[in-house]
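Chemist: Sharing a structure with you now.
The values are calculated or read from the model by the stated rules, or taken from the named source; none is laboratory data. All values reported here derive from a predicted model rather than from experimental measurement. In this analysis, Cβ positions are derived from the backbone assuming ideal geometry, glycine residues included, and neighbour counts consider all displayed protein chains.
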Amino acid sequence: MPPAFDIQKQQNALIVRASGSWSRQAVSAAPSAPESMTTTALSALNGATAVRFFAADVTEWDSSLLAAFYAIAQEARARGLVVDASALPGGMAPMLDMALAVPPRDNGVRKREPGFLETVGEKTLAWPGITRNVVEFLGEVTLSVARFFSGKASCSSRDLWNVFRECGVDALPIVTLTSLLLGLILAFVSSMQLKLFGAEIYVASLVGVSMVRVMGPVLTGIVLSGRTGASFAAVIGSMQVNEEVDALTGFGISPTDFLVLPRVLGLAVMTPLLTLYADVAGIAGGFLVGVLMLDISPAAYVNNSLQFMTLSYVWIGLLHALVFGFIIALCGCYQGMRCGRNASAVGRATTAAVVNSIVGIIVATSVITIILTVLDL
Amino acid sequence: MNRVPDKDAAVTASDVTVAYGPRVVQQGLSFTVRKGDIFIIMGGSGCGKSSLLRVLMGLTPPAKGSVYYGQTDFWGAPSAEREAIMRRTGVMFQSGALWTSRTLAENVALPLEYYTDLSPRDIRELASFKLSLVGLAGFEDFYPSEISGGMKKRAGLARALALDPDVVYFDEPSAGLDPVSAARLDELILQLRDTLGMTVVVVTHELASIFAIANNSVFLDAKTKTMTASGDPHELLRHGPDEVVEFLTRGKGRDRGGNP
């Protein structure tokens, strides 16, 4: 028998008589959903002064039946009606009483969803706070670096070596692969155009100069922000969740000195070194295409590469790399340090670290390029 | 009331307000923890005990009022002095908060490496000693993920003791421990106070713990958002306000079956 409510009015009392099978399976298979039954009951409340529940004809039941009773009783209570559940058989009455014992909180904890304008307003108002946080963080890191170079901040050498290994040596395979392939791609694409003029030989200098001056640093930066920046944010973020950062502060150990400083210094050293390596790998990629597919002799390829290469291109590339190293480390550590105290906050911090550092890298590249163009370098 | 506390005061709260942003959790808190006290901060769940502890140990500034260490106003002091005070306090966090990328010995050793010029061998010896004090001899090279929750707490205590602190804070020391381990931890706290002469501040709602170790306390009420009683819990049981007596008697016989 499907679950059903029989609702009657006797004098001023509303009689709610449940019947049939009120198990979860029966309720979900029932032709009329229980919510429509409770709605009917609720609309019948008007004019009543009491509600009485009966369930003598119920064959089987679980909390689905009580949930339906509860919804009606709750509304009846709110309207000041008398609720009488004493006729309910078995454990139903005590359970319903238990649920009704504590009135619901009325000072709504749950906020309603903010509208579009409200969201825009909140985001705008959050800006000064965020700016303040960022400036404060940069200030702390600057002070910490200053303390380091004046010998006052002890940044454990073990942590520094860990960073060197994690973002330097461990990143070699992926940097090799990506920059070798980038060299190949540059050589292929440029040869397609240069062939029209019979100037394939210039593939060598084109690949060499573009790798060393900008492509090498940008590629290394992007690989490192996905690899290292994300891991900085995740590691520091989960230390934040686990109160490990508080434990440092509790000993009077500055988390900036201890967690941020080695990562910033480590990446500032390793990014330029990795970039040099990426330059070499990229040029090797171009060399493979030039020698094997464009029939340029190895000697001519090397000669042409060196002819147009100047030392200032190498310095410019390293300058890019240094700036990128700072950007990646600062974005990763900042997001980790201000991470909230739950698992999804760590995820958000990691995402934000990667997005911020990649955007930062692109913006910094354009700024440096503009400045160098103005300076005619 | 902004008078400077007298000489045998270890930690003094003076009209402290604890708040999360605009939401005030507790206000008007004034009490003194004397040297050598085992001081309990008690109250029901969500009344702001742990938030008050963060203010006392210097992790978050109070929204209003001051915290004195001895006769020094902590939040008014320059940051170098604040760090010096924090170095002389130890904290055992609720979940241990061990540095998960380091072994237990390295956890205890880190503050020593940071603040002393001891040789690595001496540091290692000190770390082993502190671990053996809390019953973790032989676990030096284990990582925090390899030991049980109760052991993590004890390792956290060993780390809190690393710099021989004057004041040690415990955040819910017996939460999540079985009755026997919890009682053992209480004994350990008493022993450490007696032998090392530390001042101990404990946040807890475990009645058995409260009556076993406390000689002073403050009761925070979630409804009125302020302290409703302070003093020796044994005294409060006899002469305290009704809600404190109720708190101290209701759970009796329910947790740990202890007889206070």
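Chemist: Out of region A:94-125, which residues are modelled with pLDDT of 80 or more and more than 24 Å from the chain's Cα centre (by Cα)?
Modeler: Result: A:Pro94, A:Met95, A:Leu96, A:Asp97, A:Met98, A:Ala99, A:Leu100, A:Ala101, A:Leu117.
Chemist: Can A:Gly285 be described as in the same structural domain as A:Gly208 (by TED's automatic domain parsing), touching an Asp or Glu at 6+ places or on another chain (Cβ under 7 Å) and among the small types (Gly, Ala, Ser)?
Modeler: Values: in the same structural domain as A:Gly208 (by TED's automatic domain parsing): yes; touching an Asp or Glu at 6+ places or on another chain (Cβ under 7 Å): no; among the small types (Gly, Ala, Ser): yes.
Against the criterion (in the same structural domain as A:Gly208 (by TED's automatic domain parsing), touching an Asp or Glu at 6+ places or on another chain (Cβ under 7 Å) and among the small types (Gly, Ala, Ser)), A:Gly285 does not qualify.
Chemist: Does B:Leu131 satisfy being at pLDDT 90 or above and either within 12 Å of chain A (Cβ to nearest Cβ) or crowded, with 19+ Cβ neighbours inside 10 Å (or both)?
Modeler: yes
Chemist: Applying the selection to region A:117-157, what residues are of a type in the set (Lys, Arg) and either over 25 Å from B:Thr116 (Cα atoms) or surrounded by fewer than 12 Cβ atoms within 10 Å (Cβ to Cβ) (or both)?
Modeler: Kept after step one, since they are of a type in the set (Lys, Arg), are these residues of region A:117-157: A:123, A:132, A:147, A:152.
Answer for region A:117-157, where residues must be of a type in the set (Lys, Arg) and either over 25 Å from B:Thr116 (Cα atoms) or surrounded by fewer than 12 Cβ atoms within 10 Å (Cβ to Cβ) (or both): A:Lys123, A:Arg132, A:Lys152.
Chemist: Given the criterion in a helix (DSSP H, G or I) and either more than 16 Å from A:Pro89 (Cα to Cα) or not assigned by TED's automatic domain parsing to the domain that holds A:Met92 (or both), identify the matching residue among A:Ala48, A:Ala73. Give the derivation first.
Modeler: On the way: A:Ala48 fails: in a helix (DSSP H, G or I).
From the options A:Ala48, A:Ala73, the qualifying one is A:Ala73.
Chemist: I would also like to ask the following. Could you tell me whether any residue of region B:61-70 is surrounded by fewer than 17 Cβ atoms within 10 Å (Cβ to Cβ), under 18 Å from B:Asp164 (Cβ atoms) and within 13 Å of another protein chain (Cβ to nearest Cβ)?
Modeler: Within region B:61-70 (the criterion being surrounded by fewer than 17 Cβ atoms within 10 Å (Cβ to Cβ), under 18 Å from B:Asp164 (Cβ atoms) and within 13 Å of another protein chain (Cβ to nearest Cβ)), the answer is no, since none of the residues qualifies.
Chemist: Output yes when any residue across region B:171-180 is part of a helix (DSSP H, G or I) and either at positive phi or touching a residue at least 40 places away in the same chain (Cβ under 8 Å) (or both), and no when none is.
Modeler: Applying the first criterion (part of a helix (DSSP H, G or I)) to region B:171-180 yields B:179-180.
When the remaining residues are screened for being either at positive phi or touching a residue at least 40 places away in the same chain (Cβ under 8 Å) (or both), the result is B:179.
For region B:171-180, residues part of a helix (DSSP H, G or I) and either at positive phi or touching a residue at least 40 places away in the same chain (Cβ under 8 Å) (or both): present.
Chemist: Can you spot a residue in region B:144-153 that is in contact with a strand residue (DSSP E or B) (Cβ under 8 Å, 6 or more places away or on another chain) and more than 9 Å from every other protein chain (Cβ to nearest Cβ)?
Modeler: Here is the first cut: in region B:144-153, the ones in contact with a strand residue (DSSP E or B) (Cβ under 8 Å, 6 or more places away or on another chain) are B:153.
With the extra rule that they be more than 9 Å from every other protein chain (Cβ to nearest Cβ), the set shrinks to B:153.
Yes; the residues of region B:144-153 include at least one that is in contact with a strand residue (DSSP E or B) (Cβ under 8 Å, 6 or more places away or on another chain) and more than 9 Å from every other protein chain (Cβ to nearest Cβ).
Chemist: Scanning region B:72-106 for residues that are among the small types (Gly, Ala, Ser), within 22 Å of B:Arg154 (Cβ to Cβ) and part of a loop (DSSP other than H, G, I, E, B), which turns out nearest to the other protein chains (Cβ to nearest Cβ)? Before you say what the answer is, go through the steps one by one.
Modeler: Taking region B:72-106 and keeping what is among the small types (Gly, Ala, Ser), we get B:76-77, B:79-80, B:84, B:90, B:95-97, B:101, B:105.
Remaining after also requiring within 22 Å of B:Arg154 (Cβ to Cβ): B:90, B:95-97, B:101, B:105.
Now drop any that are not part of a loop (DSSP other than H, G, I, E, B), which leaves B:95-97, B:101.
Details: B:Ser95: 7, B:Gly96: 9, B:Ala97: 4, B:Ser101: 8 Å.
Going through the qualifying residues, I end up with B:Ala97.
Chemist: I'd like to know if region A:218-226 contains one or more residues that are β-branched (Val, Ile, Thr), surrounded by fewer than 23 Cβ atoms within 10 Å (Cβ to Cβ), under 20 Å from A:Ser305 (Cα atoms) and in the same structural domain as A:Leu322 (by TED's automatic domain parsing).
Modeler: no
Chemist: Right, something else. Report, ordered by the first and then the second residue, all pairs with beta carbons closer than 6 Å, sequence separation of six or more or different chains, a first member in region B:222-248 that is over 19 Å from B:Val201 (Cβ atoms) and without any contact (Cβ under 8 Å) to a residue 40 or more places away in the chain, and a second member that is buried (at least 21 other Cβ atoms within 10 Å of the Cβ) and not hydrophobic (A, V, I, L, M, F, W, C).
Modeler: none
Chemist: For region A:17-52, what are the residues that are in contact with a helix residue (DSSP H, G or I) (Cβ under 6 Å, 6 or more places away or on another chain), modelled with pLDDT of 85 or more and within 15 Å of A:Arg79 (Cβ to Cβ)?
Modeler: Answer for region A:17-52, where residues must be in contact with a helix residue (DSSP H, G or I) (Cβ under 6 Å, 6 or more places away or on another chain), modelled with pLDDT of 85 or more and within 15 Å of A:Arg79 (Cβ to Cβ): just A:Val51.
Chemist: Evaluate the following for A:Met211: is it within 14 Å of chain B (Cβ to nearest Cβ), in contact with a helix residue (DSSP H, G or I) (Cβ under 7 Å, 6 or more places away or on another chain) and buried (at least 23 other Cβ atoms within 10 Å of the Cβ)? Can you show your working first?
Modeler: Numbers: within 14 Å of chain B (Cβ to nearest Cβ): no; in contact with a helix residue (DSSP H, G or I) (Cβ under 7 Å, 6 or more places away or on another chain): yes; buried (at least 23 other Cβ atoms within 10 Å of the Cβ): yes.
No: the conditions fail for A:Met211.
Chemist: Further, regarding this structure: Need pairs with beta-carbon distance below 8 Å; first residue farther than 21 Å from A:Leu248 by Cβ and within region A:224-236, second modelled with pLDDT under 95 and of a type in the set (Asp, Glu); sequence gap 6+ or separate chains.
Modeler: Cβ pairs passing all conditions: A:Thr228/A:Glu166.
Chemist: Still on this structure, please answer the following. Just to be sure, is B:Ser66 in contact with a strand residue (DSSP E or B) (Cβ under 8 Å, 6 or more places away or on another chain), farther than 15 Å from B:Thr199 by Cβ and modelled with pLDDT of 90 or more? Before the answer, list the steps.
Modeler: On the way: in contact with a strand residue (DSSP E or B) (Cβ under 8 Å, 6 or more places away or on another chain): yes; farther than 15 Å from B:Thr199 by Cβ: yes; modelled with pLDDT of 90 or more: yes.
It is true that B:Ser66 is in contact with a strand residue (DSSP E or B) (Cβ under 8 Å, 6 or more places away or on another chain), farther than 15 Å from B:Thr199 by Cβ and modelled with pLDDT of 90 or more.
Chemist: Right, another one. So which of A:Pro89, A:Pro114 ends up being outside any helix (DSSP H, G or I), surrounded by 11 or more Cβ atoms within 10 Å (Cβ to Cβ) and not assigned by TED's automatic domain parsing to the domain that holds A:Arg17?
Modeler: On the way: A:Pro89 fails: not assigned by TED's automatic domain parsing to the domain that holds A:Arg17.
The unique qualifying residue is A:Pro114.
Chemist: Another question, then. State the number of residues belonging to region A:265-319 that are β-branched (Val, Ile, Thr) and touching a Cys at 6+ places or on another chain (Cβ under 9 Å). First the steps, then the outcome.
Modeler: To start, the set of residues in region A:265-319 that are β-branched (Val, Ile, Thr) comprises A:269, A:271, A:275, A:280, A:283, A:289, A:291, A:296, A:302, A:310, A:314, A:316.
From what's left, touching a Cys at 6+ places or on another chain (Cβ under 9 Å): A:271.
Adding up the residues that qualify gives 1.
Chemist: Within region A:252-275, take every residue that is buried (at least 24 other Cβ atoms within 10 Å of the Cβ) and in contact with a Pro (Cβ under 9 Å, 6 or more places away or on another chain) and give me the one that is nearest to the other protein chains (Cβ to nearest Cβ).
Modeler: Applying the filter and picking the extreme gives A:Thr271.
Chemist: Could you list all residues from region B:104-155 that are of a type in the set (Gly, Ala, Ser), more than 21 Å from A:Asp159 (Cβ to Cβ) and more than 24 Å from the chain's Cα centre (by Cα)?
Modeler: Answer for region B:104-155, where residues must be of a type in the set (Gly, Ala, Ser), more than 21 Å from A:Asp159 (Cβ to Cβ) and more than 24 Å from the chain's Cα centre (by Cα): just B:Gly138.
Chemist: Taking only region B:151-170 into account, find how many residues are of a type in the set (D, E, K, R) and part of a strand (DSSP E or B). Step through it out loud before you land on a result.
Modeler: Applying the first criterion (of a type in the set (D, E, K, R)) to region B:151-170 yields B:152-154, B:159, B:164, B:166.
Next, only the ones that are part of a strand (DSSP E or B) stay: none.
Matching residues across region B:151-170 total 0.
Chemist: Looking only at strands (runs of 3 or more DSSP E) that fall completely inside region B:192-243, which ones have 3 or more residues that are at pLDDT below 85 and over 17 Å from B:Gly43 (Cβ atoms)? Working first, answer last.
Modeler: Details: elements: B:199-203, B:216-221, B:226-230.
The strands (runs of 3 or more DSSP E) meeting that bar number zero.
Chemist: I'm told B:Ser50 meets every condition in (1) within 16 Å of the chain's Cα centre (by Cα); (2) assigned to a strand (DSSP E or B) except one. Can you identify the failing condition by its number?
Modeler: All conditions are met except number (2).
Chemist: For region B:154-181, which residues satisfy the criterion of being crowded, with 24+ Cβ neighbours inside 10 Å and at pLDDT below 85?
Modeler: Selection gives B:Ser174 alone.
Chemist: Name the residues in region A:175-198 that are under 35 Å from the mean Cα position of the chain (by Cα) and surrounded by 14 or more Cβ atoms within 10 Å (Cβ to Cβ), would you? Can you show your working first?
Modeler: Step one: list which residues in region A:175-198 are under 35 Å from the mean Cα position of the chain (by Cα), which gives A:175-186.
Across region A:175-198, the qualifying residues are A:Val175, A:Thr176, A:Thr178, A:Ser179, A:Leu180, A:Leu181, A:Leu182, A:Gly183, A:Leu184, A:Ile185, A:Leu186.
Chemist: Same structure, new question: Mind checking which residues of region A:233-248 are within 7 Å of chain B (Cβ to nearest Cβ) and surrounded by fewer than 21 Cβ atoms within 10 Å (Cβ to Cβ)? Before the answer, list the steps.
Modeler: Going through region A:233-248, the residues within 7 Å of chain B (Cβ to nearest Cβ) turn out to be A:242-244, A:246-247.
Those that are within 7 Å of chain B (Cβ to nearest Cβ) and surrounded by fewer than 21 Cβ atoms within 10 Å (Cβ to Cβ): A:Asn242, A:Asp246.
Chemist: In region B:38-60, what count of residues is obtained for those that are of a type outside the set (A, V, I, L, M), in contact (Cβ under 8 Å) with a residue 40 or more places away in the chain and within 14 Å of another protein chain (Cβ to nearest Cβ)? Steps first, please.
Modeler: First, the residues of region B:38-60 that are of a type outside the set (A, V, I, L, M): B:39, B:43-51, B:54, B:58, B:60.
Still in the running and in contact (Cβ under 8 Å) with a residue 40 or more places away in the chain: B:39, B:43-50.
Next, from what is left, pick out any that are within 14 Å of another protein chain (Cβ to nearest Cβ): B:46, B:50.
Total satisfying the criteria: 2.
Chemist: Would you confirm whether or not region A:325-336 contains a residue that is within 21 Å of A:Thr142 (Cβ to Cβ) and not in a helix (DSSP H, G or I)? Before you say what the answer is, go through the steps one by one.
Modeler: So in region A:325-336, the residues within 21 Å of A:Thr142 (Cβ to Cβ) come out as A:325-336.
Remaining after also requiring not in a helix (DSSP H, G or I): none.
Within region A:325-336 (the criterion being within 21 Å of A:Thr142 (Cβ to Cβ) and not in a helix (DSSP H, G or I)), the answer is no, since none of the residues qualifies.
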